[in-house]
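*Asks:* The structure that follows is given in the form of structure tokens.
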Amino acid sequence: DGDGDHLPDLWELVYFGHKGESGTDDHDGDQLSNAEELVAGTHPCLKDTDGDLVDDKKELANGTDPLVADTWGDTDGDGLL
């Protein structure tokens, strides 16, 4: 973290192409900071990393996995939509 923003430089370069983001920024507007996206493993430029039409923030708040898409609406795997 050469620029002291609490984000690994390589991570910033991979996702943003530069090191101008900070840990508190919310690049994709999903109400998760870049630092929270880093910890969760979600894509900081996509509101819905897994593409299941549920925003990453909502999935994390509901205890479902924002990295696993479920096209049937059962994002927590309990058999209920």
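The values are calculated or read from the model by the stated rules, or taken from the named source; none is laboratory data. Bear in mind the structure is a predicted one, so any value in this text is a computation, not a measurement. Cβ atoms come from the backbone with ideal geometry, glycine included; neighbour counts cover every protein chain shown. For the accessible areas, the whole protein counts, side chains as well, though only heavy atoms, and no ligand, DNA or RNA atoms are used. Shrake-Rupley method; radii C 1.70, N 1.55, O 1.52, S 1.80 Å.
*Asks:* Tell me which residues, restricted to region 64-81, are closer than 12 Å to residue 40 by Cα and either at pLDDT below 70 or open to solvent by less than 80 Å² (accessible area, probe 1.4 Å) (or both).
*Replies:* Correct list: 64, 65, 66.
*Asks:* While we're here: List pairs: first residue in region 29-54 and closer than 22 Å to residue 4 by Cα and without any contact (Cβ under 8 Å) to a residue 60 or more places away in the chain, second residue of a type in the set (Val, Ile, Thr) and buried (at least 18 other Cβ atoms within 10 Å of the Cβ) anywhere in the structure, Cβ distance under 7 angstrom, at least six positions apart or on different chains.
*Replies:* 32/42; 42/49; 43/49
*Asks:* Tally time: how many residues in region 9-28 are in a helix (DSSP H, G or I), under 21 Å from residue 57 (Cβ atoms) and either without any contact (Cβ under 8 Å) to a residue 24 or more places away in the chain or β-branched (Val, Ile, Thr) (or both)?
*Replies:* 1
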